[in-house]
Ligand SMILES: Nc1ncnc2c1ncn2[C@@H]1O[C@H](COP(=O)(O)OP(=O)(O)O)[C@@H](O)[C@H]1O
Ligand SMILES: [Mg+2]
């Protein structure tokens, strides 16, 4: 912990004076931004380059997975897909770099927080978020998903990519209120084949679509479902599907009644509630046909019921300045779960894992 403090960086990215930099190849490693099931993401200073910012995010596959051929192939595929994607709501991927027996995906660094840090489970059922902000954030997420679903390969052919892991952890909200979708670690594309252990479900169970759990035919609409679950949870301040075990959660996803969000939050616009419920249609034929359709429906409701959501409002929210009353809960949520999970901000211990020292 002492080392962690020693390595601290000021908010504006200036290193403290007594800091000794830790390097990986040409990159100077700063702090750990987050960890997921597959990787650790580190903020780093990149060598000068004309086509990318100085501060980047490096995604390192966990050491335990480096020698796993499937995990390594999936990691390369993730990097290759990332490099095809250019969209304002998708984290930009610049490169895949190798050094010292390790590989890292070089990404745009996003100064913001993953969506799950906005609603800490310890505080459920609070906080409730302003409906128009939830709608605006999910609409941006859907824009990103649509770009992903319709991405074409370098040869111009449709890749028919499905994200499969649309969760609050994988949606970053930048300080200025811009959503950045990330993590293509378990994406599926028919031309890529399955790098999947038989019987293993990709993605996080509470956000998996019923048809996927049932091994019925599924497509990009599993991501629309996941966006619907997230919208429902942020409108009500409650978890939609949560069992005592993953098995129980799966049963809930397949069969549990999905309450209309306005039944839990009476002041909610019934029209907005209905828009979200259509993303949560278990019958795929009745669900939105695309993430784009869901985004359009959300924006129609915002326009009709709430007026314009300006970037300033989203930025206040993303930065922890609740633009309206009832801000106390938001602040508590923030202090419980600071950006990057402070306990993990230890570049040195990460570095020793990286180098095995
Ligand atoms: N480009 C980035 N900028 C800032 N933080 C990031 C970035 N990429 C990832 N993170 C943080 O790191 C966490 C893990 O990254 P992710 O790509 O989701 O890894 P995994 O595939 O292991 O889930 C994210 O939830 C997020 O908090
Ligand atoms: Mg992730």
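Considering the stretch 33-65, the residues that are more than 14 Å from ligand 2 (Cβ to nearest atom) and touching a helix residue (DSSP H, G or I) at 6+ places or on another chain (Cβ under 7 Å) include one that is modelled with the lowest pLDDT, namely 63. Annotation note: of 112, 82, the sole residue that is in contact (Cβ under 8 Å) with a residue 40 or more places away in the chain and in contact with a helix residue (DSSP H, G or I) (Cβ under 9 Å, 6 or more places away or on another chain) is 112.
Do you know which of the residues in the stretch 78-115 that are more than 11 Å from ligand 1 (Cβ to nearest atom) and within 18 Å of the chain's Cα centre (by Cα) is surrounded by the fewest Cβ atoms within 10 Å (Cβ to Cβ)? So the residue we want is 86. In the stretch 169-181, the residues that are part of a loop (DSSP other than H, G, I, E, B) reach residues that are within 16 Å of ligand 2 (Cβ to nearest atom) with C-beta atoms within less than 6 angstrom, at least six apart or across chains, in these pairs: 175/112. Looking only at the stretch 9-20, decide whether some residue is at pLDDT 90 or above, surrounded by fewer than 16 Cβ atoms within 10 Å (Cβ to Cβ) and in the same structural domain as residue 97 (by TED's automatic domain parsing). Within the stretch 9-20, not a single residue is at pLDDT 90 or above, surrounded by fewer than 16 Cβ atoms within 10 Å (Cβ to Cβ) and in the same structural domain as residue 97 (by TED's automatic domain parsing).
Apart from one condition, residue 105 fits all of (1) under 27 Å from residue 31 (Cβ atoms); (2) modelled with pLDDT of 95 or more; (3) in a helix (DSSP H, G or I); the exception is (3).
The values are calculated or read from the model by the stated rules, or taken from the named source; none is laboratory data. Just so it is clear, the structure is predicted and the values come from calculations on it, not from any experiment. Note that we place each Cβ from the backbone using ideal geometry, even for glycine, and neighbour counts take in every protein chain shown.
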